[in-house]
Ligand SMILES: NC(=O)c1ccc[n+]([C@@H]2O[C@H](COP(=O)([O-])OP(=O)(O)OC[C@H]3O[C@@H](n4cnc5c(N)ncnc54)[C@H](OP(=O)(O)O)[C@@H]3O)[C@@H](O)[C@H]2O)c1
């Protein structure tokens, strides 16, 4: 049975959801979203920058039409891109534009996608969107401990979620403790390390999984969920969607949890938010006119 977390707004969020990063083809994305809902996922994670909000909205609408779910049962997350993190107004308008593309009256969670631009002003735009009931919760993504703490210390509404890269090769235990101290839910992007480090065939993860009749992918997803981290794996394959959500009938021992955490490299091998070139690239990445 899927577990749920209670956000600081009082809303319930499924501990596991489904991400749609890198599914640019609209027809494929619509079908994948439909399949994910049919498989049992109720949390769907997109972003303005993924270019597939409209397709996700269509997949959701078709699933609702076919009686697979209801809008109330779903938890829809989207994100405001850096280009719109200029000021309060641009961020607020970006939320409205996302809702229009999603063809929805409200989102369940809207995140600032990066700690870039004038993110305090942009966050005030999210606070206004929350107060105007355009979204049921607001939060941030990729806010590493320094900017995250500074934000929490200085905003009116504490974020509900901080979505950062979290998997056995980038454990970030202290950052998670800090989020929890502020009552913020840590959510893992790249919970399968985007397939890096041979994660799916890792001998130790495979060995742990064998004991429970589970794959290495299921072991790492369970590991994050078991430490209170929300997970949003992505797959365009139905059998993998099914596999990735089938993690609620086993429990890792403390020793296994520690063994998995010991794989930590202490840094990301996917992105580097300390690299000026990377930050400059994202600041210059425009997703609309
Ligand atoms: N806030 C941010 O900055 C940020 C950044 C990155 C991602 N995200 C969000 O987090 C979500 C998840 O992260 P992600 O998509 O980057 O990476 P991920 O979920 O860690 O990994 C996805 C990759 O693993 C493969 N895969 C999935 N399940 C598998 C399984 N059971 N066995 C073998 N291969 C499997 C997928 O291939 P197939 O699709 O071919 O099956 C895909 O190549 C995204 O979709 C997005 O919503 C947010």
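Regarding segment 16-24, can at least one residue be identified that is farther than 22 Å from residue 193 by Cα and not in a strand (DSSP E or B)?
First, pick out the residues of segment 16-24 that are farther than 22 Å from residue 193 by Cα: none.
Looking for residues that are farther than 22 Å from residue 193 by Cα and not in a strand (DSSP E or B), one finds none in segment 16-24, hence no.
Per-residue answers, yes or no, for (1) in contact with a strand residue (DSSP E or B) (Cβ under 8 Å, 6 or more places away or on another chain); (2) within 18 Å of residue 244 (Cβ to Cβ):
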{"residue": "42", "(1), (2)": "yes, yes"}
{"residue": "50", "(1), (2)": "no, no"}
{"residue": "53", "(1), (2)": "yes, no"}
{"residue": "57", "(1), (2)": "no, no"}
{"residue": "62", "(1), (2)": "no, no"}
{"residue": "65", "(1), (2)": "no, no"}
{"residue": "75", "(1), (2)": "yes, yes"}
{"residue": "88", "(1), (2)": "no, no"}
Open item on the list: If I filter segment 219-237 for residues that are within 12 Å of the ligand (Cβ to nearest atom), more than 18 Å from the chain's Cα centre (by Cα) and at pLDDT 95 or above, do I get at least one hit?
Closed with: yes
Task: Odd one out for residue 277 among (1) assigned to a helix (DSSP H, G or I); (2) touching a strand residue (DSSP E or B) at 6+ places or on another chain (Cβ under 9 Å); (3) within 25 Å of residue 148 (Cβ to Cβ) - done: (2)
Task: Subset tally (residues that are more than 15 Å from the ligand (Cβ to nearest atom) and either under 15 Å from the mean Cα position of the chain (by Cα) or surrounded by fewer than 19 Cβ atoms within 10 Å (Cβ to Cβ) (or both)) for segment 149-177 - done: 12
Open item on the list: Pairs needed: first member in segment 194-219, under 13 Å from residue 244 (Cβ atoms); second member anywhere, away from the ligand (no atom under 14 Å from the Cβ) and outside any helix (DSSP H, G or I); C-beta distance under 7 Å; at least 6 residues apart or different chains.
Closed with: 214/250
Task: Those residues of segment 178-207 which are within 8 Å of the ligand (Cβ to nearest atom) and in a loop (DSSP other than H, G, I, E, B), in sequence order - done: 190, 191, 192
Task: Residue within segment 94-104 that is surrounded by fewer than 22 Cβ atoms within 10 Å (Cβ to Cβ), in contact with a helix residue (DSSP H, G or I) (Cβ under 7 Å, 6 or more places away or on another chain) and not in a helix (DSSP H, G or I) present - done: yes
- [ ] Would you check if there is a residue in segment 280-287 being modelled with pLDDT of 95 or more, crowded, with 16+ Cβ neighbours inside 10 Å and away from the ligand (no atom under 15 Å from the Cβ)?
- [x] no
Open item on the list: I'd like to verify a number: residues in segment 228-262 that are surrounded by 14 or more Cβ atoms within 10 Å (Cβ to Cβ), touching a strand residue (DSSP E or B) at 6+ places or on another chain (Cβ under 9 Å) and part of a loop (DSSP other than H, G, I, E, B), how many?
Closed with: 7
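Working carefully through the options 174, 128, find the one that is modelled with pLDDT of 95 or more and either out of contact with any helix residue (DSSP H, G or I) (no Cβ under 9 Å at 6 or more places or on another chain) or within 16 Å of residue 92 (Cα to Cα) (or both). Walk me through it before giving the result.
Details: 174 fails: either out of contact with any helix residue (DSSP H, G or I) (no Cβ under 9 Å at 6 or more places or on another chain) or within 16 Å of residue 92 (Cα to Cα) (or both).
Step by step, each of 174, 128 is checked, and only 128 is modelled with pLDDT of 95 or more and either out of contact with any helix residue (DSSP H, G or I) (no Cβ under 9 Å at 6 or more places or on another chain) or within 16 Å of residue 92 (Cα to Cα) (or both).
Have a look at 55, 63, 49 and point out the one that is in contact (Cβ under 8 Å) with a residue 12 or more places away in the chain and farther than 19 Å from residue 110 by Cβ. Working first, answer last.
Working: 55 fails: farther than 19 Å from residue 110 by Cβ; 49 fails: farther than 19 Å from residue 110 by Cβ.
It is 63.
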Task: Scan of segment 25-46 for residues that are assigned to a helix (DSSP H, G or I) and without any contact (Cβ under 8 Å) to a residue 40 or more places away in the chain, ordered by number - done: 26, 27, 29, 30, 31, 33, 34, 37, 38
Open item on the list: Exactly one condition in (1) free of Cβ contacts under 8 Å to residues at least 60 places away in the same chain; (2) in a loop (DSSP other than H, G, I, E, B); (3) within 20 Å of residue 230 (Cα to Cα) is false for residue 68; which is it?
Closed with: (3)
- [ ] Of all residues in segment 7-30, count the ones that are in contact with a helix residue (DSSP H, G or I) (Cβ under 7 Å, 6 or more places away or on another chain) and farther than 27 Å from residue 184 by Cβ.
- [x] 4
Open item on the list: Considering only segment 136-145, I want to know if a residue exists there that is within 28 Å of residue 260 (Cβ to Cβ), away from the ligand (no atom under 15 Å from the Cβ), under 19 Å from the mean Cα position of the chain (by Cα) and surrounded by fewer than 22 Cβ atoms within 10 Å (Cβ to Cβ).
Closed with: yes
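The values are calculated or read from the model by the stated rules, or taken from the named source; none is laboratory data. These figures come from a predicted structure and were not determined experimentally. Neighbour counts are summed over all protein chains in view; Cβ atoms, including those assigned to glycine, are modelled from backbone coordinates with ideal geometry.
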